[in-house]
Amino acid sequence: EYLQKGKNAIGIQLGNGRLNNLNPVWDFDKFKCRSAPKVAFEFTSDELSFDAESLVCHPSALYFDGLHEGNHYDARLEISGWADADFDDSAWTPAISAETPRGKTKLCTAEPIKRFEEHFPIRIAKGRLTKNRNVHARMYEYVSRYFEDGVPTEGGYIYDFGVNMAGIIRLKIKGYAGQKIRLQYTDVAWENTVNRTTHGCYPDGFCQTDTFICSGGDDVFEDKFTYFGFRYVYVYGITEEQANESLLTAIEI
C-alpha cells in the first residue's frame with residue numbers, strides 16, 4: 001500500500017542504537033558485536049524491479065546519536081524532499097555493501113516500542129543544574145572526541161511533567177537560525193535545582209542530553225535513536241518568551 005505506479009523511492013535514516021554504542025561505560029565500545037549501522041532488505045516480487053546497489057547516502061541533520069547520551073540535530077542541514085521519488089540525488093555517495101552479520105538469523109520477538117501517552121508541563125521555572133560525581137575515567141576521552149560542550153549549569157528553565165517515565169520529548173520552536181538549545185533529562189529535582197548526580201559515570205552535561213540547532217523557521221524535533229528516563233527537563237538556550245507550555249511535550253513510550 002506504500003507503492004505507487006511508476007517510480008518509487010525508499011528513504012532510510014540510520015542511527016547507532018545498541019549496535020554501534022561508542023560509550024566506554026561498561027565497555028560498550030569493546031563489544032564484539034559492535035558494527036557500523038546497516039540495513040537489510042528482503043525483496044521477493046515478480047512485479048517489481050529493485051536493485052539495492054542503486055542506493056545512495058548523504059550525511060543528515062542528525063550529526064550525533066548515542067543510546068545513553070542523546071541526539072544532536074542541526075535543522076539548518078535538513079534536505080527537503082530527500083526521500084521523494086523525483087529528488088535529484090546525483091551528488092550523493094553510493095551506499096557501501098555490508099558484510100552479512102555472523103551467527104544464526106533469528107526473528108526478533110520483542111514487543112514493539114509504542115507511544116502510550118503524551119504529557120504536558122505542570123510547572124515551568126527558572127533553575128540550575130547540580131554537578132556530577134564519580135566520573136568514569138575513560139569518559140573524558142570519549143567526550144572530548146564526540147562533543148563540543150556540555151550543558152551549562154545556570155540560566156536555564158526547568159520543565160516538570162509531573163510523572164516519571166521512559167520516553168522522549170517533542171520540541172516545537174521558531175527560533176533564529178543557529179540558535180542552540182540544550183536539553184538535560186533527569187528524574188530528580190528539588191526547588192529550582194535539577195539533580196544530575198544520577199548520571200554519575202559521565203562528566204557534566206553529557207548524559208541524557210539533546211542538542212538542537214534551529215533552522216530559523218518553524219521547527220519540530222523528536223528523538224529517533226534513543227529514549228530517556230525522566231520527569232524533569234532542564235532547557236538551556238531559550239528566551240523567557242520561548243519558555244512556554246507549547247515548547248515541550250513529553251511522549252511516554
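The values are calculated or read from the model by the stated rules, or taken from the named source; none is laboratory data. Please read all numbers here as calculations on a predicted model, not as lab measurements. Positions of Cβ are generated from backbone atoms using ideal geometry, with glycine treated the same way; all protein chains shown enter the neighbour counts. Quick note on the areas: whole protein, heavy atoms, side chains included, nothing else; ligands and nucleic acids left out. Shrake-Rupley method; radii C 1.70, N 1.55, O 1.52, S 1.80 Å.
Here C57 meets the list (1) closer than 28 Å to W190 by Cβ; (2) touching a strand residue (DSSP E or B) at 6+ places or on another chain (Cβ under 6 Å) almost entirely, failing just condition (1). Exactly one residue among E47, E69, E42 is acidic (D, E) and at pLDDT 85 or above, and that residue is E69.
Restricting to the stretch 176-197, name every residue that is of a type outside the set (A, V, I, L, M, F, W, C), out of contact with any Phe, Trp or Tyr (no Cβ under 6 Å at 6 or more places or on another chain) and open to solvent by less than 10 Å² (accessible area, probe 1.4 Å).
Going residue by residue through the stretch 176-197, those that are of a type outside the set (A, V, I, L, M, F, W, C) are 176, 178-180, 182, 184-187, 191-193, 195-197.
Imposing the further condition that a residue be out of contact with any Phe, Trp or Tyr (no Cβ under 6 Å at 6 or more places or on another chain) reduces the set to 176, 178-180, 191-193, 195-197.
Answer for the stretch 176-197, where residues must be of a type outside the set (A, V, I, L, M, F, W, C), out of contact with any Phe, Trp or Tyr (no Cβ under 6 Å at 6 or more places or on another chain) and open to solvent by less than 10 Å² (accessible area, probe 1.4 Å): Q179, R196.
Hey, could you check the stretch 80-122 for residues that are closer than 30 Å to N244 by Cα, modelled with pLDDT of 95 or more and of a type outside the set (F, W, Y) and say which is most open to solvent (accessible area, probe 1.4 Å)? Before you say what the answer is, go through the steps one by one.
Here is the first cut: in the stretch 80-122, the residues closer than 30 Å to N244 by Cα are 80, 113-122.
Subset that is modelled with pLDDT of 95 or more: 117-122.
Applying the additional criterion that residues be of a type outside the set (F, W, Y) yields 117-119, 121-122.
Working: E117: 100, E118: 81, H119: 26, P121: 15, I122: 115 Å².
That would be I122.
Has the stretch 148-162 got at least one residue that is hydrophobic (A, V, I, L, M, F, W, C) and either open to solvent by 70 Å² or more (accessible area, probe 1.4 Å) or under 26 Å from A36 (Cα atoms) (or both)? Taking every residue of the stretch 148-162 in turn, none turns out to be hydrophobic (A, V, I, L, M, F, W, C) and either open to solvent by 70 Å² or more (accessible area, probe 1.4 Å) or under 26 Å from A36 (Cα atoms) (or both).
For K106, the criteria (1) touching a Gly at 6+ places or on another chain (Cβ under 9 Å); (2) farther than 25 Å from I213 by Cα hold in every case but one, which is (1).
Residues that are open to solvent by less than 60 Å² (accessible area, probe 1.4 Å) and under 15 Å from the mean Cα position of the chain (by Cα) within the stretch 4-22 comprise G15, N16, G17, N20, N21, L22, listed in sequence order.
The residue that is modelled with the lowest pLDDT, counting only those in the stretch 123-147 that are open to solvent by less than 70 Å² (accessible area, probe 1.4 Å), closer than 25 Å to F225 by Cα and not hydrophobic (A, V, I, L, M, F, W, C), is N132.
For the stretch 29-56, which positions are in a loop (DSSP other than H, G, I, E, B), touching a residue at least 60 places away in the same chain (Cβ under 8 Å) and surrounded by 12 or more Cβ atoms within 10 Å (Cβ to Cβ)? The answer is S35, K38.
Going through (1) part of a loop (DSSP other than H, G, I, E, B); (2) open to solvent by 90 Å² or more (accessible area, probe 1.4 Å) one by one, Y63 falls short only on (1). The single condition among (1) at positive phi; (2) free of Cβ contacts under 8 Å to residues at least 12 places away in the same chain; (3) open to solvent by less than 80 Å² (accessible area, probe 1.4 Å) that W26 does not satisfy is (3).
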